[in-house]
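Structure record follows, encoded as structure tokens.
Computed from the coordinates by the stated procedures, all read-outs in this text should not be read as laboratory data. Because the structure is predicted, anything quoted here is derived from the model rather than measured. So basically every Cβ, Gly included, is an ideal-geometry build from the backbone, and we count neighbours across all protein chains shown.
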Amino acid sequence: MTAEEVKVQSLSLNGATNEEDVVTPWSVESKNDTGVDYEKLIQRFGSSKIDDELLLRFEKITSKKPHQFLRRGIFFSHRDMHTVLNLYEQGKPFYLYTGRGPSSESMHMGHLVPFLFCKWLQDVFNVPLVIQLTDDEKAIWKNLKLEDAIKMSYNNAKDIIACGFNLDKTFIFSDLEHIGNNPAFYQNMIRIQRSVTFNQVKGIFGFGDSDPVGKISFPPTQAAPAFSSSFPFIFKNAKVQCLIPCAIDQDPYFRMSRDVAPKLGFPKPALLHSSFFPALQGSKTKMSASDSNTAIFLTDTAKQIKNKVNKHAFSGGQATVEEHRQLGGNCDIDISYQWLRFFLEDDEKLEQIRKGYSSGEILTGELKKHLIDILQPMVLAHQERRSKITDDIVKQFMVPRDLGFRTNK
Ligand code: TRP
């Protein structure tokens, strides 16, 4: 169409056949009890598996045991992670970028996954991190008052900060507040906007003729933070490699970002993709804001946690104790076990539980107790940290500022 147009992977959001799982930024659906087939997704999206070789290299270079999310394949797919490790090995810089579409309801355990992982990566690599709060996205998609969407950003920022991010190395921003004060960010948005056609955005995101133009022009807003020149107060003029940890449903945004990167004269952002955190009712269903029994919220009390797990966590156990003792439980579909994979750090203990449950030695009630014993102190500790995050602390994280980044570090 125009000379400016760049080639964007024609790959649409989803694969061709209707038998497949649906994975888009707006909907994740699977017909299997074990959830989405992630091996297939890697093939469809054209990303790479996080394999043992990458994990060994990670451990060798950082001298740190990989995080349980990596060891257990919860972050299972990547793009260009070897490039990032090469840079780190050579003492060259990179930065982390992640984000969240803020919500009015309190956040739940699943929302913590990318942030817990980013906090760990930030500690291991000692690099700057930018966190985008897409209140603009939420305002457009949910037709919210802009003022309310901004408030949600501030509210969610407290839960994010409570994950323990280092103020000296972390910049958090609300799109609605920040972009208007940052010409460099806006200019990158325009560079991206002129490089992608409506046709391409339709192909990637599935927008239709009746969608508001705000939706159509939003993807470049999520792409812009992947280019270091959007943050001159952090990176000065340096062209710095970006690494984006995110759930794999966000990949369409970053396929687009990677396709326009050479045009902007920037390295393609690298990615670490996570699988989805399952709802209490099972991997086929979704956690839903309107049904508070599908998730454990960061505001839940110890009692609520206990009741929800006991009543609602989908069980891979057998119908009767006798049958269970004889046949054993199915950990692949059992949500208590699946959640323990996320949050129980001790590999040996997890393996004991897996063996015990699979052989029928451990009963469903006992398995649930293990999960409750992990979740209750975790949520309580989060609540205690969050209660200490004042509005003033949130503001400090949101001030555009020098994060001590130097190219010749
Ligand atoms: N669109 C994402 C959401 O709705 C928010 C987001 C913005 C994001 N930038 C990101 C997520 C970068 C991961 C990485 O949650």
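Tell me whether segment 255-409 comes out rounded, prolate or oblate; compute the Cα gyration tensor, take square roots of the eigenvalues as a ≥ b ≥ c, and use a/c under 1.5 as the rounded threshold. Cα axes put segment 255-409 in the prolate bin.
Quote the charge dipole size of the chain about the Cα centre in Debye, to the nearest 20; the model charges only the Cβ of Lys and Arg (+1) and of Asp and Glu (-1).
1000
Taking every DSSP helix (H) stretch of at least 4 residues in the chain, weighting each as -39,500 (n - 2.57) and dividing the sum by the residue count yields a mean residue ellipticity at 222 nm of -14000 deg cm²/dmol. Panel order for Ile335, Ile150, Ile192, Ile389, by other beta carbons found within 10 Å of each beta carbon, from fewest to most: Ile389, Ile150, Ile335, Ile192.
The angle between the Cα long axis of helix 364-387 and the main principal axis of the chain comes to about 40°, on a 0 to 90 degree scale. Take every pair of alpha-carbon atoms less than 8 Å apart whose residues are at least six positions apart; their mean separation over the length of the chain yields a relative contact order of 20 percent.
Dipole orientation for segment 22-280: of the candidates Leu146, Pro252, Pro25, Pro252 has the Cα lying most toward the positive pole (charges on Cβ; Lys, Arg +1; Asp, Glu -1). For the residue pairs Lys284/Lys369; Lys40/Lys64; Lys169/Lys268; Lys138/Lys263; Lys311/Lys349, the alpha carbons lie more than 26 Å apart in Lys40/Lys64; Lys138/Lys263. In order along segment 107-123, phi translates into HN-Hα couplings of 6, 10, 3, x, 5, 6, 3, x, 6, 4, 5, 5, 4, 5, 4, 4, 5 Hz, rounded to whole numbers, per the Karplus curve 6.51 cos²θ - 1.76 cosθ + 1.60 with θ = phi - 60° and x for Gly and Pro. The relative contact order of segment 196-267 comes to 29 percent, based on Cα pairs under 8 Å that sit 6 or more residues apart. Only Lys, Arg, Asp and Glu carry charge here, each on its Cβ (+1 for the first two, -1 for the last two); on that basis segment 278-409 has a dipole of about 520 debye about its Cα centre.
For the chain, give me the percentage of DSSP beta bridges that are antiparallel, rounded to the nearest 5 percent. Here the antiparallel bridges make up roughly 40 percent for the chain. Summing +1 for each Lys or Arg and -1 for each Asp or Glu, what net charge is found among the other residues whose Cβ lies under 11 Å from the Cβ of Lys306? Neighbourhood net charge equals +3.
For the chain, just say rounded, prolate or oblate: build the C-alpha gyration tensor, square-root its eigenvalues into a ≥ b ≥ c, call rounded for a/c under 1.5, and beyond that prolate if a/b exceeds b/c, oblate if not. Prolate shape, in that a/c is at least 1.5 and a/b is the bigger ratio. For segment 226-336, the relative contact order comes to 19 percent (Cα pairs under 8 Å, sequence separation of at least 6). 3J(HN,Hα) along segment 304-317: 4, 4, 4, 5, 5, 5, 5, 7, 10, 5, 4, 9, x, x Hz, from the Karplus curve 6.51 cos²θ - 1.76 cosθ + 1.60 with θ = phi - 60°, whole Hz, x for Gly and Pro.
In the chain, a dipole from Cβ-located charges (positive for Lys and Arg, negative for Asp and Glu) runs towards its positive end, and of Thr320, Ser230, Phe45 it is Ser230 whose Cα lies farthest in that direction. Projecting the Cα atoms of Leu380, Ser358, Ala279 onto the charge dipole of the chain, computed from C-beta unit charges around the Cα centre, puts Leu380 farthest toward the positive end. Counting charges near Ser77 (Lys, Arg +1; Asp, Glu -1) among other residues having Cβ under 13 Å from its Cβ returns a value of -1. Charges were assigned to the Cβ only: +1 to each Lys and Arg, -1 to each Asp and Glu. The resulting dipole of segment 206-315 about its Cα centre is roughly 340 debye.
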